[in-house]
Amino acid sequence: MMFRCQTSMLIVVLILCKSSLLFAQNPTAINQQVLESLIAFSEETYTDEFMLIQKNETLIHWKNPSCDAPQFNTASMVKSWTGLVIGSLVDKGFIESVDDTVCTYLPNWEIGCREDITIKQLLTMSAGYNRRPGASGILAQQDMNEYVLNTEPDTLQDVRFSYSNESVQLLGLLIEEITGMNANEAFIQHLFEPLGMDSTQLGKDEAGNYMVFGGAKTTLQDASKVGLLMANKGMVDGKQMISREWIEQSTSTSDKAGYYGYLWWLDNNSENKNFAAMGDFGQLTILFPDLDLVYLRQQTCNKEVSGNMPWMGPELLNLISATIQTDE
């Protein structure tokens with residue numbers, strides 16, 4: 001698709017094209033030629049909607065008119081939100097330190113108590129659990145909580161990074177035990193409600209347990225509020241909702257992986273360093289701190305392709321950062 005619509009210099013510009021709907025503010029900050037390429041790339045990679053926010057202002061909100069999905073499944077993007085709920089519990093004194101063993105707060109987890117697994121190990125994917133595919137993994141279980149409570153680690157703790165859904169679901173059990181709420185209620189109190197995310201809820205397994213590693217339902221507008229929380233170092237409406245220290249720890253490399261923090265993916269190798277919450281099918285929240293830029297993407301209608309799609313690579317990252325004009 002070629003982007004040929006005429007723009008005006010109004011504060012808010014509404015651009016209606018043949019195959020996309022675009023909202024823009026302050027159009028002088030946008031490189032229109034690169035924007036054409038970003039939209040074309042988005043269409044080619046089955047994007048249903050994306051948003052670009054800079055300095056708390058929405059610059060671009062593009063929608064593919066062939067997909068009208070009111071909500072989308074976050075997939076693993078919600079893992080990063082789980083890290084923020086843990087951060088809120090640390091800030092409020094419910095958790096004394098991430099170096100505490102999980103057993104301190106979840107004494108009925110016999111395996112964790114025996115292995116002295118810490119909260120930090122679960123946050124950094126170094127608790128010894130590997131991602132288990134198919135029937136051997138959490139996604140095939142009717143009762144996911146029972147499964148993770150009774151699953152032995154695959155390797156020793158604090159040795160290496162190993163991405164797993166099981167580690168994050170254990171954090172969900174920790175959250176429930178500490179707050180005395182189910183995970184969805186805890187997320188509402190410590191994240192969704194303070195951010196005004198009124199169109200978001202966690203998913204459930206067949207046994208009725210809430211999942212915190214994937215499967216939440218949200219909208220791009222709600223998800224953007226998490227992006228802005230991170231961009232503003234935990235500040236919301238002039239108040240420190242999550243401590244600046246937690247945001248910085250979450251987006252700093254762990255000693256087991258230079259590309260992962262507290263449930264956030266880190267990219268320190270690109271020209272414009274960035275960090276992201278990511279899920280299957282390219283559910284994305286990517287932040288470029290040096291550009292004060294937040295990018296969000298959702299894909300719902302076309303799920304014929306997944307895996308290591310182009311949206312995971314440098315082409316998308318370069319297009320996003322180049323869309324915004326700089327003074328250089």
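For beta carbons closer than 7 Å, sequence separation of 6+ or different chains, a first residue in region 62-89 that is under 15 Å from Gln169 (Cβ atoms) and a second that is among the acidic types (Asp, Glu), the qualifying pairs are Ala75/Asp280; Ser76/Asp280. Working only within region 241-260, note down all residues that are within 14 Å of Val98 (Cα to Cα) and modelled with pLDDT under 95. Hit for region 241-260 is Ser254, nothing else. Residue under question is Ile111, and the condition is that it be among the hydrophobic types (A, V, I, L, M, F, W, C) and over 21 Å from Lys204 (Cβ atoms); does it hold? It is true that Ile111 is among the hydrophobic types (A, V, I, L, M, F, W, C) and over 21 Å from Lys204 (Cβ atoms). If we scan region 192-205, do we find a residue that is part of a helix (DSSP H, G or I) and touching a strand residue (DSSP E or B) at 6+ places or on another chain (Cβ under 6 Å)? Scanning region 192-205, I find no residue that is part of a helix (DSSP H, G or I) and touching a strand residue (DSSP E or B) at 6+ places or on another chain (Cβ under 6 Å), so the answer is no. Among the residues examined, Glu193 does not qualify as among the charged types (D, E, K, R) and more than 26 Å from Phe288 (Cα to Cα). Taking region 101-138 as the range and being in contact (Cβ under 8 Å) with a residue 40 or more places away in the chain and at positive phi as the test, the residues that pass are Asp116, Met125. Exactly one residue among Val98, Val78 is part of a loop (DSSP other than H, G, I, E, B) and crowded, with 17+ Cβ neighbours inside 10 Å, and that residue is Val98. Within this structure, Gly93 fails the test of being among the small types (Gly, Ala, Ser) and surrounded by 21 or more Cβ atoms within 10 Å (Cβ to Cβ). Against the numbered list (1) closer than 23 Å to Glu43 by Cα; (2) assigned by TED's automatic domain parsing to the domain that holds Ser162; (3) surrounded by fewer than 20 Cβ atoms within 10 Å (Cβ to Cβ), Asn318 comes up short only at (2). All of Ile242, Ile175 fail the test of being within 28 Å of Phe161 (Cβ to Cβ) and part of a loop (DSSP other than H, G, I, E, B), apart from Ile242. Every test in (1) in a loop (DSSP other than H, G, I, E, B); (2) within 30 Å of Leu293 (Cβ to Cβ) is passed by Val159 save one, and that test is (2). Annotation: Ser37 fulfils all but one of (1) closer than 30 Å to Asp237 by Cα; (2) modelled with pLDDT of 95 or more; (3) not assigned by TED's automatic domain parsing to the domain that holds Gly215; the unmet one is (1).
For region 31-44, the candidate set comprises residues that are in contact with a helix residue (DSSP H, G or I) (Cβ under 7 Å, 6 or more places away or on another chain) and surrounded by fewer than 22 Cβ atoms within 10 Å (Cβ to Cβ); within that set, the residue that is nearest to Gly282 (Cα to Cα) is Phe41.
Within region 248-288, being surrounded by 15 or more Cβ atoms within 10 Å (Cβ to Cβ) and in a loop (DSSP other than H, G, I, E, B) holds for Thr251, Ser254, Lys256, Ala257, Gly261, Tyr262, Leu263, Trp264, Asn272, Lys273.
The values are calculated or read from the model by the stated rules, or taken from the named source; none is laboratory data. Bear in mind the structure is a predicted one, so any value in this text is a computation, not a measurement. Methodologically, a virtual Cβ is constructed for each residue, glycine included, from the backbone with ideal geometry; neighbour enumeration extends over all protein chains shown.
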